[in-house]
Amino acid sequence: MPSLTEAFWQLLRTHKVFVVMDEVHHLKGNLLSNANAWGEEVLLNIQYHAAYTLALSGTPWRSDKAPIVLSRFTEPDNTIHCDFSYGLKQAIADNVCRQPSIVLIDNNKIKLEIDQEIKTFSSIAELLLDPRYCYQALINHQHIMHYMLNQSVKKLAEIRLSNPNAGGLVVAASIKHAKQLLQILVSDLKQSACIVTSNLKHPSRIIDGFRQNNTQWIVSVGMISEGTDIPRLQVCCHLSRIKTEMHYRQVLSRILRVNSDETQQAWLFTLAETSLTEFAYRIDQDLPEQSVVIEQTGSQDLDLELPQLTSSEATQGNIGNELHVDLSGFSLSNTNGHASASHKSAIDEENSYNLALLGSYKEQIVRMFDNYLLSS
């Protein structure tokens, strides 16, 4: 929108224009002082000039809690007021969406040895309260990646017995992470898989190809979340480091779209981190007739033993990604860096990914409007 000329915006002043805005949560601000670039254009050129507006969103809130343009909010909780809501419960009843099954992978016996003293954590959530460990370390650990992918592969294989074309999505944390996950899928688990990231020349071609072919898995970094329609996706392995509800629901939605296949199952596998668990149970509350959350807990599912540390090492917090994981009889020691390594915030990453989704279309959109103006 910032690329459009005054001649284009003049159309709203000289004609009776109906403006439709999809995924309106990207348009931030109710005042020019708190608006982003897109929101500012709406406030200046659409808000008081369009005859009618229709604003649509599958996730009608922002992770940064900022106001959305053209929206009304209730007091005092600042909840957005929607003129019409079509929720997951109704969509499932109308056979538009599949009912999800969300598997929260946890462990109730995590052992940490410090100065020959063993400390036991009863869950991943409790472990992550310790500042010496971070979620990023868990999703990057070789055995955890292997375990979660293996669980997802088993479920996809089960679904493909009746739906041979069913596919799976792996949501990775970085390009390097995505390549590691792809390697596990192909080499260890003997799956057919492809990868799509923002650094590829033609990511849309890869997505289109996967949509039409019979490949089992597609590994993605921020390229298959919002607005990407691949109905044959029925299993998702969530290993992203973004932990916002908007991103979580957008990822889940990739596996919910009903198609003509016989078995309409949708399975999401994720670690039982506190925020992700909370999001899962909010979805569960939306579907009160039948619980959609499956808690997979116990040492038989995911055994975690953390390395021995001295008091000074623990105080300095220098263990980073050092984890000793015992998983189904296998063990591995791995050192990948320090826990204090800086990362972009989840919200910053989410916004960057959302921008990447639109980047490939910007030039086409501007050219389309330029051609329209030239022909007018």
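Before moving on, here are some points about what is shown:
- Residues satisfying the criterion are absent from region 219-242 (criterion: open to solvent by 30 Å² or more (accessible area, probe 1.4 Å), under 18 Å from Val103 (Cα atoms) and not in a loop (DSSP other than H, G, I, E, B)).
- Residue that is surrounded by the fewest Cβ atoms within 10 Å (Cβ to Cβ) [pool: residues in region 176-194 that are in a helix (DSSP H, G or I) and polar (S, T, N, Q)]: Ser187
- Residue that is farthest from Ile159 (Cα to Cα) [pool: residues in region 201-241 that are at pLDDT below 90 and under 8 Å from the mean Cα position of the chain (by Cα)]: Gly222
- Members of region 7-49 that are of a type in the set (Lys, Arg) and under 20 Å from His81 (Cβ atoms): Lys28
- Flag for Asn150 being open to solvent by 40 Å² or more (accessible area, probe 1.4 Å) and either under 30 Å from Asn95 (Cβ atoms) or outside any helix (DSSP H, G or I) (or both): no
- Annotation: of all residues in region 275-297 being without any contact (Cβ under 8 Å) to a residue 60 or more places away in the chain and under 20 Å from Ile144 (Cβ atoms), the one that is most open to solvent (accessible area, probe 1.4 Å) is Ser275.
- Members of region 195-204 found to be touching a residue at least 24 places away in the same chain (Cβ under 8 Å) and in a loop (DSSP other than H, G, I, E, B), listed by number: Thr197, Ser198, Asn199
- Note on region 70-110: residues that are part of a strand (DSSP E or B) and exposed (fewer than 11 other Cβ atoms within 10 Å of the Cβ) total 2.
- Subset tally (residues that are closer than 22 Å to Gly87 by Cα and open to solvent by less than 60 Å² (accessible area, probe 1.4 Å)) for region 50-69: 9
- Being touching a Ser or Thr at 6+ places or on another chain (Cβ under 6 Å) and surrounded by fewer than 18 Cβ atoms within 10 Å (Cβ to Cβ) is a property that Val24 lacks.
- Residue check: Glu113 meets all listed conditions (1) open to solvent by 40 Å² or more (accessible area, probe 1.4 Å); (2) at pLDDT 80 or above but one, namely (2).
- Any hit, region 133-149, residues being modelled with pLDDT of 95 or more, within 25 Å of Lys109 (Cα to Cα) and in contact with a strand residue (DSSP E or B) (Cβ under 8 Å, 6 or more places away or on another chain): yes
- Residue, most open to solvent (accessible area, probe 1.4 Å), within region 155-175, restricted to residues that are part of a helix (DSSP H, G or I) and modelled with pLDDT of 95 or more: Glu158
- Filtering Arg72, Arg62 for residues that are closer than 25 Å to Ala91 by Cα and touching a helix residue (DSSP H, G or I) at 6+ places or on another chain (Cβ under 8 Å) leaves a single hit, Arg62.
Yes/no per residue for (1) at negative phi; (2) without any contact (Cβ under 8 Å) to a residue 12 or more places away in the chain:
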| site | (1), (2) |
| --- | --- |
| Met148 | yes, no |
| Glu158 | yes, yes |
| Ser174 | yes, no |
| Leu185 | yes, no |
| Ile206 | yes, no |
| Gln212 | yes, yes |
| Gln216 | yes, no |
| Gly222 | no, no |
| Lys243 | yes, no |
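The values are calculated or read from the model by the stated rules, or taken from the named source; none is laboratory data. Quick caveat: nothing in here was measured; it's all calculated off a predicted structure. Ideal geometry is used to build each Cβ from the backbone, glycine not excepted, and the neighbour counts take in all protein chains shown. Ligands, DNA and RNA are stripped out before the accessible areas are found, and what is left, the full protein with its side chains, is counted by its heavy atoms. Shrake-Rupley method; radii C 1.70, N 1.55, O 1.52, S 1.80 Å.
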